[in-house]
1. Report whether or not residue 99 is β-branched (Val, Ile, Thr) and in contact with a Ser or Thr (Cβ under 7 Å, 6 or more places away or on another chain).
2. Looking only at segment 7-51, which residues are of a type in the set (Asp, Glu) and touching a Ser or Thr at 6+ places or on another chain (Cβ under 6 Å)?
3. For segment 25-61, which residues satisfy the criterion of being surrounded by fewer than 16 Cβ atoms within 10 Å (Cβ to Cβ) and either in contact (Cβ under 8 Å) with a residue 60 or more places away in the chain or closer than 20 Å to residue 111 by Cα (or both)?
4. Which of the residues that make up segment 46-64 are assigned to a loop (DSSP other than H, G, I, E, B) and more than 9 Å from the chain's Cα centre (by Cα)?
5. For a quick check of your reading: which strands (runs of 3 or more DSSP E) sit entirely within segment 106-179 and have at least 1 residues that are among the hydroxyl-bearing types (Ser, Thr, Tyr)?
6. Taking residue 100 as the residue in question, decide whether it is at pLDDT 95 or above, acidic (Asp, Glu) and not in a loop (DSSP other than H, G, I, E, B).
7. Considering (1) farther than 25 Å from residue 38 by Cα; (2) in contact with a Pro (Cβ under 7 Å, 6 or more places away or on another chain), say which one residue 150 fails and leave the rest.
Amino acid sequence: MAIRKILIHPDDRLREISKPVSFPLSDAVKQIIEDMAETMYDAPGVGLAAPQIGVSLQIAVTDTLWRSDEVRHDPDKPGADRDLKVWLNPEFLWKSDEIETWEEGCLSVPETYANVTRPAAVRLRWFDMEGKQHEQDFTAFEAVALQHEFDHLLGKLFIDYLSPLKRKMITKKMKKLYK
Ligand SMILES: [Zn+2]
């Protein structure tokens, strides 16, 4: 297992369209997934998509329980209340007309938070590590987190939803802080 370097915006690799993974998963892909989980918990974050570590594959990991407001756990006890989920080749089958606004942040745009409006509910189809297909509806924070993560697989960042001026300011700040 290894903690990978998280790419910071602006980086062309964050803008690539990811390719689907094929089953059965190769050892290399399994290693990438393990590393992504470790990198997410280390950051710490509630989600990480493969392009954020420079891998252009349709893989994301999330743990919305770990950092959620409802389930606060002792940060000194890593491993407590964890709910790691691995999403492979995810595809939204439906998004609600009803929208909701949440404050979002991203490990690739550090120390930056902004309100983003997205569909409030989604129906998702995805595959697990065994190659089994799943379909489920999600709402509230999970719906937001999944839409945010899967945008990464399309080369999209949450700042793309902001005004051009705001985005420009954020990009400038990132270049100053991280280049
Ligand atoms: Zn992100």
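1. On the way: β-branched (Val, Ile, Thr): yes; in contact with a Ser or Thr (Cβ under 7 Å, 6 or more places away or on another chain): yes.
So residue 99 passes the test.
2. Step one: list which residues in segment 7-51 are of a type in the set (Asp, Glu), which gives 11-12, 16, 27, 34-35, 38, 42.
The one that is of a type in the set (Asp, Glu) and touching a Ser or Thr at 6+ places or on another chain (Cβ under 6 Å): 16.
3. Listed by number, the residues that qualify are 30, 42, 43, 44.
4. Our first condition is that a residue be assigned to a loop (DSSP other than H, G, I, E, B); within segment 46-64, this holds for 46, 54-56, 58, 63-64.
Within segment 46-64, 54, 55, 56, 58, 63, 64 meet the criteria.
5. Numbers: elements: 109-119, 121-127, 133-139.
The qualifying strands (runs of 3 or more DSSP E) are 109-119, 133-139.
6. Yes.
7. Looking at each condition in turn, residue 150 falls short on (1).
The values are calculated or read from the model by the stated rules, or taken from the named source; none is laboratory data. Computed from a prediction, not measured in an experiment: that's the story for all the values here. Counting neighbours? That spans all protein chains shown, and the Cβs are built from the backbone with ideal geometry, glycine included.
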